[in-house]
Structures are given as C-alpha cells and as structure tokens.
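The values are calculated or read from the model by the stated rules, or taken from the named source; none is laboratory data. Everything numeric here is computed off the predicted structure, so don't read it as measured data. Note that each Cβ is placed from the backbone with ideal geometry, even for glycine, and that neighbours are counted across all protein chains shown. Areas reflect the complete protein model, heavy atoms only, side chains present, ligands, DNA and RNA absent. Shrake-Rupley method; radii C 1.70, N 1.55, O 1.52, S 1.80 Å.
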Amino acid sequence: MSTFENNDPEKEQEPVQQDDQEQQFQGAETQADQHAAPEFDQTPPQQETYQKRSPYADSPYVMHPGAQEYSPARPKIKKARKGAGKRILAAVLALVVVAGGCGITAFAVNNYWEGRMAQMSASLNEKINALESQIDNAPGSGDSVSGSPVASQEGGLTPSQVYARNVQSVVAISNEATQRVYGQVTETASSGSGFILTEDGYIVTNYHVVSGADRLTVITSDGTEYEAQYIGGDENNDLAVLKIEAEGLPTVTLGSSDDLIVGDQVVAIGNPLGQLTATQTVGYVSGKDRDVTTDGSIINMLQTDAAINPGNSGGPLFNMKGEVVGITTAKYSGTTSSGASIEGIGFAIPIDDVKGMISDLVEYGYVTGAYLGVVVQNVEESVKAYGVPSGAFVREVTPGFCAEAAGIQEGDIILDLGGYSVSNITDLTRALRHFDAGDTVTVTVSRSGQQIVLEVTLSEKPQDTASTQPNTDTENVPEAPEEGDYEEWFDYFWRFFNGEGNNQG
C-alpha cells in the first residue's frame, strides 16, 4: 500500500483516512478482477461492469488501476564529468609552468644583459684608460696635453666678462730714461704693461720693460698716475716687480698654466703701442713649452695667437676663468728669408714657472732659488746622430759654487737632476725649481760616453746687481761715427735702438 503526504495543513487528518479506506477497497477489487480476468474473456466489449466510484475518483491523487504512482518531478542534478578536476588541475599546472618559464626566461635575459652591460662598461673603461695612458706617454706630450678640455673650460666666462672683471687690475707702465752720447743728453721713453698683484700696490711686469729706467710711472685704467719704485727683478727670466703707494687696489687672481691645453681660449689685456690703453685681444693657446731666446736667455714660453704688440709686454694673459696664466712677453714679426710674413705668433711666460720667483722678489728683492753654478746649452741635433745623448751641455763651470765642488766639468752633459730627467735647458731649469738652496741631490752626467752619478749640495742663487737694479749705465752706449758711409750709420742706429735705446715691449 502506498501513501501520500499532503503538505496542506487544513486537510491533513480526514482526507488521509478516507483515502486509505478507498485505496483498500480499490485494491481488493482490483485483485479480484485480476484473478477473474480469464472468466470474462467471452464478455462482449459493450457490457460494462458496475463499479462503485469513489468521491475522489477525479482527484489527481487517486491512482487508477495499472497507473504508476505519482511522484513530483525532482530537479535534475548535472553530474560532474569524469576527469574535469584533472583537467582543471592540469590547466593550473600549465599556467604555473608557463608563468615559471616566463619568470625564468625574464631572469635569464635580465642577467644576460646585465652581464653584457658590465662587460661593455669594463671594455669601455679599459679603452679609455689605455687612451689616457697613450696620451700621457706620447712623445712631447707632458704638460702640453695635461688637463682636460672639459675641466679647463669649467666655470668659463665670456671674453667680455673676463675683461670687465680684470681691466681695472691691468696697468700701463712708462719708462723714462736719460742717456748721454758724446756729451749730448738724449731722453728716451718706452712703455709696457703690468698687473696689480696685491691691494697695497705690488705690480708684476717684464724685466725688459723697466730696464734702464730713470723714472717709472704706473697708469691705472682710470688714468690715475703713480710714481713706481723698482723692487727687484731677474733678467734671465725677464721678470720684475714694482711698488706704488696705494691701498685697496683691485687685484688679479693667479691661475695655473700647467692646467692649460693647446686649444684653450685665452685673453690678453694690455697697453699696445703705449697709447691704446686697456686693449683686449682674444686667441687660443697655440703651443706649450716653447724655448724662446730673449736677450741671450732661453725662456720656456706659452705660444698664443692672441695679438701681442709692443706695449703688451708684462701684461697678463687670462684663462676663461679670469685667472692669470701667463705674462705676455714677446712676439715673432717681420718676414722670413723666403719673404713670407709672420703673423699671430706671440709668447707668454707660464705663471707656474715664476710664482716662486715673484714671491722672492716681493719678499727679498731678488730670487733665492737653488743654483747649480754652470753655463749650459742644448745638445746640437747634428751630433745626436753620433750617439751623443740629449741633455744640458756644460759650456762653463762657475767658480765658487756647488757644481765645481761636486766635480762637474766642462763638456759634461747633464742627464738627470734629483730624479728629474733633463733633455734640454728648460728641463734643467724646471728641475732646479723643485729644490731649495742647501738641498743635496744626485746629478747624472754623461762624460766621454760614460754615465757618472755625482752628489751635489745646491748653492743659493746669487744676488745679481744687474738683475736687481735697472740698467742705468750710459757709459757703454755705441759711439756715433763722425764720418762714414751708409752702412756705418745703419750699424750705429741698429745697435742704439736695439741696445740702450727705445725699449718698446
């Protein structure tokens, strides 16, 4: 017997009982019919058998004979496909593998390029170091290529800014002299330039600007004139210091000539021709370490194409930071033997070569540096082909100084002084600047093809009266011919104007 539970609370009791009875009755009747079915096989189809109808016959809850039990439709639940979990797991694993592979690939690529960049950087640095080493060791390089083009121009000013900053520190110098020739008094005048070193009136210029002066006058940029006192000078290095009585003067700043390289821009300010005061010219460093002969002395010079003219001598040469890096001294002019004109070749004394001398002149009135006591010249190129080494050839040994005491002889070739190689006069001069009087150094000389090492205690440079006082001697002036031809008169005027006469810078 099957039962059905109604969810309607109002019909919960009675309908269930009636339904049970009815179902019991119908169930018995159905069973009787099933057992009696064979006996009614001959009954005509029209004959109907009375059956008692239940009041719930039309109810959907009543089961008819042969009908299946009613049961409410249940929602279909989709069953998970077999293997779906595995497929999801496989997909996840695949994603993990792909992501991991990408990460590993990215890591490997990153490491590769980092390694490549490190190799490239190391290679570039190695090439730069090799290039710097080649430049440093290149023949004739030395100071001429020292420094950096970028560094030398750092903090650079324009030429007009250099001029505005320093023009008041540049002065004109007038040299007035009186000479007597055969009882006749001749007045001469020359002019040059200089620059103010200290606020209390110390001024630096060339020795040849003030040589032979009876009266020295300093004219500042605003036209103020001061009578100047000669403090001291060094003729061999063409350097002199003057003093005027003034306070609070605008001064220059000293820079470093060793930091210059060929191609650096420079500015010269001076008094060309003795009339064009406070004139500025602009050019470039054309060369370094030029051995220039002036008045019989060989001086190391900077070469520049900034215009240098008579009257510029003794004036400052500025770098583009507005610092003094040289003292303008000389120029090449005229024509060559072939008739070619010479233009744009000027020279200046490197300031680093004379800083110590300037200090000595201000403090003592003369240069107190170390002194060897020899007269030297460069070894001629013609004899180098026979195996004679480069160096400073000793022409004469000065009695009473350290060279004589140490055993240096005429004909020796000085190759080294105190560990500084000497290949010419300039090298020897520079080597001596590294030492003071009283220092003991070794000197290597070549003598008869053999190298000899000598120990030398350096002397103090003697105070040269010709260098500490302007040359005012008028007794040794050239004599004027009373009679003579054109060549004799030309020779007289040539010696007069290039000797004791007009000393234009």
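Some points to look at:
- Close pairs from the stretch 321-341: first of a type in the set (Lys, Arg), partner open to solvent by 20 Å² or more (accessible area, probe 1.4 Å) and outside any loop (DSSP other than H, G, I, E, B), Cβ under 8 Å, at least 6 apart: LYS331/ILE345
- Looking across the stretch 289-319, the residues that are farther than 26 Å from GLN161 by Cβ, open to solvent by 20 Å² or more (accessible area, probe 1.4 Å) and free of Cβ contacts under 8 Å to residues at least 60 places away in the same chain come down to ARG290, THR293, GLY296.
- The one condition in (1) surrounded by 14 or more Cβ atoms within 10 Å (Cβ to Cβ); (2) touching a helix residue (DSSP H, G or I) at 6+ places or on another chain (Cβ under 9 Å); (3) under 23 Å from ASN166 (Cβ atoms); (4) not charged (D, E, K, R) that PRO272 fails to fulfil: (2)
- VAL209 being open to solvent by less than 30 Å² (accessible area, probe 1.4 Å) and part of a strand (DSSP E or B): no
- Of the helices (runs of 4 or more DSSP H) lying entirely inside the stretch 320-428, those containing at least 1 residues that are surrounded by 21 or more Cβ atoms within 10 Å (Cβ to Cβ) and aliphatic (A, V, I, L, M) are 351-363, 402-406.
- Odd one out for SER286 among (1) open to solvent by 40 Å² or more (accessible area, probe 1.4 Å); (2) more than 29 Å from LEU428 (Cα to Cα): (2)
- For the residues ALA189, ALA177, ALA94, the requirement of being hydrophobic (A, V, I, L, M, F, W, C), assigned to a helix (DSSP H, G or I) and either surrounded by 10 or more Cβ atoms within 10 Å (Cβ to Cβ) or modelled with pLDDT of 75 or more (or both) singles out ALA94.
- Total residues in the stretch 429-461 satisfying the condition of being out of contact with any helix residue (DSSP H, G or I) (no Cβ under 6 Å at 6 or more places or on another chain) and in a strand (DSSP E or B): the figure is 14.
- All conditions but one from (1) farther than 25 Å from ARG433 by Cα; (2) touching a helix residue (DSSP H, G or I) at 6+ places or on another chain (Cβ under 7 Å); (3) aliphatic (A, V, I, L, M) apply to ALA307; the one that does not is (2).
- Total residues in the stretch 429-454, condition within 36 Å of the chain's Cα centre (by Cα), open to solvent by 60 Å² or more (accessible area, probe 1.4 Å) and without any contact (Cβ under 8 Å) to a residue 24 or more places away in the chain: 1
- For the stretch 357-387, the set of residues classified as among the hydroxyl-bearing types (Ser, Thr, Tyr) and in contact (Cβ under 8 Å) with a residue 24 or more places away in the chain consists of TYR364, TYR366, THR368, TYR371, listed by residue number.
- Test: residue in the stretch 227-236 that is out of contact with any helix residue (DSSP H, G or I) (no Cβ under 8 Å at 6 or more places or on another chain) and assigned to a strand (DSSP E or B): yes
- Some residue of the stretch 282-295 being in contact with a Phe, Trp or Tyr (Cβ under 8 Å, 6 or more places away or on another chain), more than 15 Å from THR205 (Cβ to Cβ) and either part of a loop (DSSP other than H, G, I, E, B) or β-branched (Val, Ile, Thr) (or both): yes
- Scanning the stretch 225-239 for residues that are among the aliphatic types (A, V, I, L, M) and open to solvent by less than 20 Å² (accessible area, probe 1.4 Å) turns up at least one hit.
- Qualifying residue in the stretch 243-251 (condition: buried (at least 23 other Cβ atoms within 10 Å of the Cβ) and at pLDDT 95 or above): no
- Filtered residues of the stretch 280-324 (kept if in contact with an Asp or Glu (Cβ under 6 Å, 6 or more places away or on another chain) and small (Gly, Ala, Ser)): GLY283, SER286
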